[in-house]
Amino acid sequence: MFFILELVGTIAFAISGAIIGIQKKMDIFGVAILAMTTAVGGGIIRDIILNITPPAAFREPVFTLSSLATGILVFCSVKYRLRLHRQAFMEMLLRIMDAIGLGIFTVIGVEAAYAHVADTNIYLAVFVGVLTGVGGGVLRDIMAGVPPYIFTRHFYACASLVGAVICSLCWAWLGSLPSMLIGAGIIMVLRNLAVHYRWSLPKAE
């Protein structure tokens, strides 16, 4: 089940990375690399923090290869004028895939903290969870030359933080899988509500 969740999150984040690459007019190589970076970047940061070497992205190539394949498929869909080339559809798909990836990778980060660190406290679990969730997106935005999504978009990192806290608090009572599903679900709901109702934090003038 954990493998399936991580694969779904990988594909979701890869799609969001590929869409950003296409919007920035990158070639097929750039789109594929941006998709891969978005999909596995947060996991690499997580593994480095938890001293898991080599990171899972290098030990289990299925995630890297699936993200590259996803990026290429998204590029071809736009190149050959399939439905993905429509701007409104791309924006909707980006929002949905980003919410799915954020939710899944945040709780996977929480699970990794509990699995690999003895006597993990909630602070460490939440910290690693949020970094896993947003790390790939930050790397994506830096490579694409845009302000990181988590600093400009409404209620993005905060949704990850809320979900990670709830997942960690439920861990001892509900176990790993129910806690992860609850945490991921809350993050996805919060992200979509934030977009729909335009929730945002105060910004500098």
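The values are calculated or read from the model by the stated rules, or taken from the named source; none is laboratory data. Bear in mind the structure is a predicted one, so any value in this text is a computation, not a measurement. Glycine gets a Cβ as well: all are built from the backbone with ideal geometry, and neighbour counts include every protein chain shown.
Could you look through region 43-97, keep only residues that are among the aromatic types (Phe, Trp, Tyr) and modelled with pLDDT under 85, and pick out the one that is nearest to the chain's Cα centre (by Cα)?
Top of the filtered list is 89.
State all residues of region 173-182 that are under 21 Å from residue 119 (Cβ atoms) and in contact (Cβ under 8 Å) with a residue 24 or more places away in the chain; if no residue qualifies, say none.
Within region 173-182, 176, 179, 180 qualify.
Looking at (1) of a type in the set (Asp, Glu); (2) part of a helix (DSSP H, G or I); (3) over 15 Å from residue 13 (Cβ atoms), find the lone condition where residue 98 falls short.
Residue 98 satisfies all of (1) of a type in the set (Asp, Glu); (2) part of a helix (DSSP H, G or I); (3) over 15 Å from residue 13 (Cβ atoms) except (3).
Conditions (1) under 20 Å from residue 10 (Cα atoms); (2) more than 17 Å from the chain's Cα centre (by Cα); (3) in a helix (DSSP H, G or I); (4) among the hydroxyl-bearing types (Ser, Thr, Tyr), marked per residue:
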position	(1), (2), (3), (4)
137	yes, no, yes, no
141	yes, no, yes, no
150	yes, no, yes, no
155	no, no, no, no
166	no, yes, yes, no
171	no, yes, yes, no
187	yes, no, yes, no
195	no, no, yes, no
200	no, yes, no, yes
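Restricting attention to region 110-135, report how many residues are more than 20 Å from residue 53 (Cβ to Cβ) and either among the basic types (Lys, Arg) or surrounded by fewer than 20 Cβ atoms within 10 Å (Cβ to Cβ) (or both).
Here the count works out to 4.
Contact list please: Cβ distance under 7 Å, first residue in region 144-172 and touching a residue at least 24 places away in the same chain (Cβ under 8 Å), second residue acidic (Asp, Glu), pairs at least six apart or on different chains.
149/141
Please give the number of the condition residue 13 fails out of (1) assigned to a helix (DSSP H, G or I); (2) touching a residue at least 24 places away in the same chain (Cβ under 8 Å); (3) surrounded by fewer than 23 Cβ atoms within 10 Å (Cβ to Cβ).
Of the numbered conditions (1) assigned to a helix (DSSP H, G or I); (2) touching a residue at least 24 places away in the same chain (Cβ under 8 Å); (3) surrounded by fewer than 23 Cβ atoms within 10 Å (Cβ to Cβ), the odd one out for residue 13 is (3).
For region 136-182, give me each residue that is of a type in the set (Lys, Arg) and crowded, with 22+ Cβ neighbours inside 10 Å. Spell out the reasoning first.
To start, the set of residues in region 136-182 that are of a type in the set (Lys, Arg) comprises 140, 153.
Across region 136-182, the qualifying residue is only 140.
Output yes when any residue across region 17-37 is closer than 22 Å to residue 116 by Cα, of a type in the set (Ser, Thr, Tyr), in contact (Cβ under 8 Å) with a residue 24 or more places away in the chain and buried (at least 24 other Cβ atoms within 10 Å of the Cβ), and no when none is.
For region 17-37, residues closer than 22 Å to residue 116 by Cα, of a type in the set (Ser, Thr, Tyr), in contact (Cβ under 8 Å) with a residue 24 or more places away in the chain and buried (at least 24 other Cβ atoms within 10 Å of the Cβ): absent.
Hey, does region 97-112 have a residue that's free of Cβ contacts under 8 Å to residues at least 24 places away in the same chain and polar (S, T, N, Q)? Explain how you work it out, then say what you get.
Step one: filter region 97-112 for residues free of Cβ contacts under 8 Å to residues at least 24 places away in the same chain, giving none.
No, because not a single residue in region 97-112 is free of Cβ contacts under 8 Å to residues at least 24 places away in the same chain and polar (S, T, N, Q).
Pick from region 45-66 the residues that are in contact with a Gly (Cβ under 8 Å, 6 or more places away or on another chain) and assigned to a helix (DSSP H, G or I): which of them is nearest to residue 146 (Cα to Cα)?
From region 45-66, those in contact with a Gly (Cβ under 8 Å, 6 or more places away or on another chain) are 45-46, 55-57, 63; that's our starting set.
When the remaining residues are screened for being assigned to a helix (DSSP H, G or I), the result is 45-46, 56-57, 63.
On the way: 45: 20, 46: 23, 56: 28, 57: 25, 63: 25 Å.
This residue is 45.
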